[in-house]
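K.L.:
Input: one structure, supplied below.
What follows draws every value from the coordinates through simple rules; no lab data is involved. Given the structure is predicted, the values throughout are model-derived calculations rather than measurements. Positions of Cβ are backbone-derived with ideal geometry, glycine not excepted, and every protein chain shown enters the neighbour counts.
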Amino acid sequence: MRKLHENIRSLILSVVDFFYPFFRKLMPLQTFRYAACGGFNTVLDISLFFVSYNFILDKQPVHIGFLTIGPHIAAFLIGFMVTFPIGFYLSRYVVFQETSVRKAKQLAKYFTVVFGCLLLNYAFLKLFVDLFGWYPTPSKILTTVFVVAFSYVSQKNFTFRPQQGN
């Protein structure tokens, strides 16, 4: 299993780092890796949202007992279940490799930031779709812009910040 992990990590780094020379003058390597990995995960998230909302849920609310979840919120949660573990893996093993924080502690910090992202996603989707009446997929894309900015600053300065001297 460790060998598989190393092979996957090496493959991802090879692909991402291959494109870095084109962006070297614009940003440091770590920022580029974050943008590339985050960009992939974001495209995956929006794609899952679109497919879930339009085809899996067929734009219908989800009824769970006494709770009814709007289709745009349910689609966002489906995407989250896939992109959360992928995002953590990419952040820990591709973007922020120099950290010395234990994986369990990092996962807890990562989840804390992601929980904030969940709240932002929920609030913006409710605002854009339910209050403003905008279409769900463009609303998800605009929401993502705000959430990605929050996520990058939080992950860099909180979750994956290298530990200072003990």
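K.L.:
Please find, within the range 75-115, the residue that is farthest from Y20 (Cα to Cα) out of those that are among the small types (G, A, S) and surrounded by 19 or more Cβ atoms within 10 Å (Cβ to Cβ).
P.N.:
A75
K.L.:
Taking Y110, is it in contact with a helix residue (DSSP H, G or I) (Cβ under 6 Å, 6 or more places away or on another chain) and among the hydroxyl-bearing types (S, T, Y)?
P.N.:
Spelling it out, Y110 is indeed in contact with a helix residue (DSSP H, G or I) (Cβ under 6 Å, 6 or more places away or on another chain) and among the hydroxyl-bearing types (S, T, Y).
K.L.:
Among the residues of the range 116-155, count how many are of a type in the set (K, R) and surrounded by fewer than 17 Cβ atoms within 10 Å (Cβ to Cβ).
P.N.:
Within the range 116-155, residues that are of a type in the set (K, R) and surrounded by fewer than 17 Cβ atoms within 10 Å (Cβ to Cβ) number 1.
K.L.:
Under 7 Å between Cβ atoms, at least 6 apart or on separate chains: pull out the pairs that start in the range 120-148 with a residue that is free of Cβ contacts under 8 Å to residues at least 40 places away in the same chain and closer than 13 Å to I73 by Cα and end on any residue that is surrounded by fewer than 17 Cβ atoms within 10 Å (Cβ to Cβ) and not hydroxyl-bearing (S, T, Y).
P.N.:
L120/F146; L120/F150; F124/F146; F128/W134; F128/L142
Rundown of residues vs (1) of a type in the set (D, E); (2) closer than 28 Å to N157 by Cα; (3) buried (at least 16 other Cβ atoms within 10 Å of the Cβ); (4) touching a His at 6+ places or on another chain (Cβ under 6 Å), yes/no style:
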{"residue": "I12", "(1), (2), (3), (4)": "no, yes, yes, no"}
{"residue": "D17", "(1), (2), (3), (4)": "yes, yes, no, no"}
{"residue": "M27", "(1), (2), (3), (4)": "no, yes, no, no"}
{"residue": "A35", "(1), (2), (3), (4)": "no, yes, yes, no"}
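K.L.:
Hey, could you check the range 59-98 for residues that are farther than 20 Å from D45 by Cβ and free of Cβ contacts under 8 Å to residues at least 12 places away in the same chain and say which is nearest to the chain's Cα centre (by Cα)?
P.N.:
Ranking the candidates gives Q97 first.
K.L.:
If you don't mind, there's one more thing I want to ask. For the range 1-10, give me each residue that is loosely packed, with under 14 Cβ neighbours inside 10 Å and under 16 Å from G87 (Cα atoms).
P.N.:
Of everything in the range 1-10, those that are loosely packed, with under 14 Cβ neighbours inside 10 Å and under 16 Å from G87 (Cα atoms) turn out to be H5, I8.
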